[in-house]
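J.: My questions all concern the structure below.
The values are calculated or read from the model by the stated rules, or taken from the named source; none is laboratory data. Given the structure is predicted, the values throughout are model-derived calculations rather than measurements. As a convention, Cβ positions derive from the backbone with ideal geometry for all residues, glycine included, and neighbour counts pool all protein chains shown. We work out accessible area using only protein heavy atoms, side chains counted, and drop any ligands, DNA or RNA first. Shrake-Rupley method; radii C 1.70, N 1.55, O 1.52, S 1.80 Å.
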Amino acid sequence: AYLQGRGINMALAKRECSEARFTHNGKRYFAIAFPNGSGGFEVRNRYFKGCIPPKDVSLIKPEDTASDVCSVFEGFMDFLSADTLGIGGNGDSLVLNSVANVGKAVKHLDGYGRIDCFLDRDESGRRTLEVLKGHYGGRVCDRSALYDGCKDLNEYLQRTAKKEMNNNLKIKGQ
């Protein structure tokens, strides 16, 4: 229900995520768990945003394909949003899982000819973009104009889905 409320395609989410079940103070909880490159997980539900350590980036490479392009996302919700929207093509993707992980991303991004950044349209997203541009120069492409007027790609997906639903209701009502 949490992912559906965020507009995420469930088939894509099931391919990339797991369900984490845990107990805290005697209460049972469950959340979406997205794996990172060091065996940890980013964990989200309607009430909680955290991680099961160790904290690291997540590199997603489609099987049997070599890509010269890597799409970079701040968090896994934006990665899943891009997948739902059909953005990013069949290339590789790197999820920072926190802008603090930008230094860990460098070793993964060195071999790419183009780095498409779908970062948040806020101060930390802009700083992260500048760090990547400082390291990779013209290979870095800011793709955030796609979701101009929105904080991030997931907000854009939710607005797009809401517009589609309203348009479908208008068509049915005519």
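J.: Which of the residues belonging to region 91-116 are within 15 Å of the chain's Cα centre (by Cα) and either closer than 23 Å to residue 3 by Cα or of a type in the set (Lys, Arg) (or both)?
T.: 92, 93, 94, 95, 96, 97, 98, 99
J.: Another question about this same structure. For region 81-112: of the residues being touching a residue at least 60 places away in the same chain (Cβ under 8 Å) and in a loop (DSSP other than H, G, I, E, B), which is most open to solvent (accessible area, probe 1.4 Å)?
T.: For region 81-112, the residue satisfying everything is 87.
J.: Could I ask something else about it? What is the number of the single condition among (1) within 21 Å of residue 136 (Cα to Cα); (2) in contact with an Asp or Glu (Cβ under 9 Å, 6 or more places away or on another chain) that residue 80 does not meet?
T.: The one condition residue 80 does not meet is (1).
J.: I'm trying to understand the selection: among the residues of region 5-53, which are open to solvent by 70 Å² or more (accessible area, probe 1.4 Å) and within 20 Å of residue 155 (Cβ to Cβ)?
T.: 46, 47, 48, 49 - these are the residues of region 5-53 that are open to solvent by 70 Å² or more (accessible area, probe 1.4 Å) and within 20 Å of residue 155 (Cβ to Cβ).
J.: Okay, next question. Quick test of your reading of the structure: residue 132 fulfils all but one of (1) among the aliphatic types (A, V, I, L, M); (2) open to solvent by less than 20 Å² (accessible area, probe 1.4 Å); (3) not in a helix (DSSP H, G or I). Name the failing condition by number.
T.: Of (1) among the aliphatic types (A, V, I, L, M); (2) open to solvent by less than 20 Å² (accessible area, probe 1.4 Å); (3) not in a helix (DSSP H, G or I), only one is false for residue 132: (3).
J.: When residue 56 is evaluated against the numbered criteria (1) touching a residue at least 40 places away in the same chain (Cβ under 8 Å); (2) surrounded by 17 or more Cβ atoms within 10 Å (Cβ to Cβ); (3) touching a strand residue (DSSP E or B) at 6+ places or on another chain (Cβ under 9 Å), which criterion, by number, is the only one it fails?
T.: Condition (3) is where residue 56 drops out.
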